1. For the stretch 54-130, what's the relative contact order in percent, using C-alpha pairs closer than 8 Å and at least 6 residues apart?
2. What distance in nm separates the two pseudo spin-label positions at Asp315 and Asn134, each 7 Å out from Cα along the beta-carbon direction?
3. Write down the accessible area per residue of the stretch 109-160 in Å², having rolled a 1.4 Å probe over the full set of protein chains.
4. Against the longest principal axis of the chain, how steep is helix 350-361, in degrees 0 to 90 to the nearest 10, with axes from Cα atoms?
5. Which three lengths, in whole Å and largest first, does the stretch 391-488 cover when its Cα atoms are put on their principal axes?
6. Give, rounded to the nearest 20 debye, the magnitude of the charge dipole that the chain has about its Cα centre when Lys and Arg contribute +1 at Cβ and Asp and Glu contribute -1 at Cβ.
7. Net charge around Gly76, counting only other residues with Cβ within less than 10 Å of its Cβ (Lys, Arg = +1; Asp, Glu = -1)?
8. Can you bin the stretch 485-552 into rounded, prolate or oblate? Criterion: square roots of the alpha carbon gyration tensor eigenvalues sorted a ≥ b ≥ c, rounded for a/c under 1.5, prolate for a/b above b/c, oblate for the rest.
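The values are calculated or read from the model by the stated rules, or taken from the named source; none is laboratory data. Just so you know, these numbers come straight off a predicted model, no measurement behind them. We place every Cβ from the backbone using ideal geometry, glycine too, and count neighbours over all the protein chains shown. Surface areas here come from the heavy atoms of the whole protein model, side chains and all, with no ligands, DNA or RNA. Shrake-Rupley method; radii C 1.70, N 1.55, O 1.52, S 1.80 Å.
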Amino acid sequence: MIRKWWKEAIGYQIYPRSYLDTNHDGIGDIRGIIDKLDYIESLNVNLVWISPFYPSPLDDNGYDISDFKGVDPQLGTLEEVKELIEKAHAKGIRIILDCVLNQSSDEHPWFIESRSSKNNEKRDYYIWAQGKDNQPPNNWGSFFGESAWKYDKLTDEYYLKIFSDKMPDLNWSNPTLRQEMADIIRFWLDLGIDGFRMDAIAHLGKDMTLTDSTLESDERGIAYDWSKFSNRPQLFDYLQELHQKVFSHYDIVTIGEVGGGAKFPEGYKYTNPQNPSIDMVFNFDHTWHNMPYGYEVLTPEKFNTNVIALKEDLDYWIQNSQKHNIHPPMYWLNHDHPRVLSQYGSLDYHRESGSMLGMVLLSLPGTPFIYNGEEIGMTNVDYTNPKDFKDVNTRNYFKNNAHRLTIEQMMNHMRYTGRDNGHTPMQWNANQHAGFSTTTPYLKLVSNYTTINVQDQENKEKSILNTYRTMAKIRKDNIQLFAYGTFELIDAKHPDLFIFKRQFNQEKYILIANFRDYEVPYQLPKYQEVTFHNYDNLANAKLRPYEAILLKES
Ligand code: NOJ
Ligand code: CA
């Protein structure tokens, strides 16, 4: 095990549009993050990941970028970003940015040139192909639920776009394009940032033969076959090249968003220390364990957390990472997921379940990332009008209604799974607009901000907020154990409890957590010291709803 600062960090992801609005336009901004640096420091985190703030037509929440080296004027200026980096560094907080390499916006100057004619010098920065009988070049489907191709009548060809129509995929098989992207990365590193979360990194390599998928197609002739553009061999050459030319010259961290499907050994290929490319990969496996499919009629059983499967997935990634001497990032949610409180916790046991989830996250191996608002147990939306949802994925879902659900059925789905759940404005206090802004926010607030907010939890000892703070402090004070120590599941097949042991040299901790909203019989092991507990006292032979205890063997 080689010690590195990023292996010992505690991360905090900020979604800048929804954090704090300081210039009264209803949109969070860079200045808002600067103003909240004392708060961020008070969480005992020291690595902040900021979601995209680049200029963007906002078809996909800023992941559709029209200037890779700029700052969206709605959010601030490059000077403010520099100020943020300096002020964060002065507090010992490092900053990483989202690095979006797979696609640009269709309003990016490169794409405007590329589409203008077949022999434009930027034509090959994107992936263009002729249609077949007035149909797309092949049957590939996109992640956002339509064909992966969009027809462009200017040159009578289709461009590849595995996300939305306004997000043409960049052609990584073109060395000039790769050079351009390396320059962009260098630009931000030279500004002083400490690394990147690398968006959609698994998709840079495509099956350039563009042959049809043999998977079954839907009634529109579309096959959703991610293998055509995920984890493909060329990708690893591109990443190793970036590492050699750029990353290896800086003391930074790179975390790839690799997501579903990549198991070991693929997960290992990304981070193999013998063949360096990037440092860590985010996988999604543990985030699905009560996520219904988009067409299912929702019933209460669908929401029941499969605790055994959740533990199995976390254990799979942790054990394999430790075996191969690589370091996993850990998280409950990011900006693509619904709120974990509404997923694995409970509104009826808000404080108990929110604090329990924080205790589990901050006791796991690896580098944990807290998503802004998680530290106060923010919840999914309570929207009643489909128009309240703004996310492109959700808009497509309502528009296509491929499963012929009623509006209310679709609303139920999106209130439970939609990405807007994680985008609502930060709930700072109970004042109008939750202290986020002095005007109506760009995205509707969740109405429970009057009771769920930072101010309310500030001075309550066992609030979710103070649990996250205390647990982060305990983690920091024992960082070798929590970051690198062994991880052992206890009673892996228990359907309700998540119990694990951490050990480093002679030191041992055990974390015991009840994932249910009811009491579960349980006899505490003979560990002597209660390090942290989300209830005030221990009960006899049982755990109460969402009770969690961190014990130390002394
Ligand atoms: C993954 C990002 O996390 C998501 O928000 C985005 O829609 C896609 N990549 C496309 O960039
Ligand atoms: Ca603003």
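1. 24 percent
2. Distance between label points: 5.7 nm.
3. Counting only protein heavy atoms, the per-residue value for the stretch 109-160 is 50 Å².
4. The helix 350-361 is inclined about 70 degrees to the chain.
5. The Cα atoms of the stretch 391-488 stretch 52, 41, 19 Å along the principal axes, largest first.
6. Dipole about the Cα centre, nearest 20: 960 debye.
7. Counting the neighbours of Gly76, the net charge comes to -4.
8. The shape class here is oblate.
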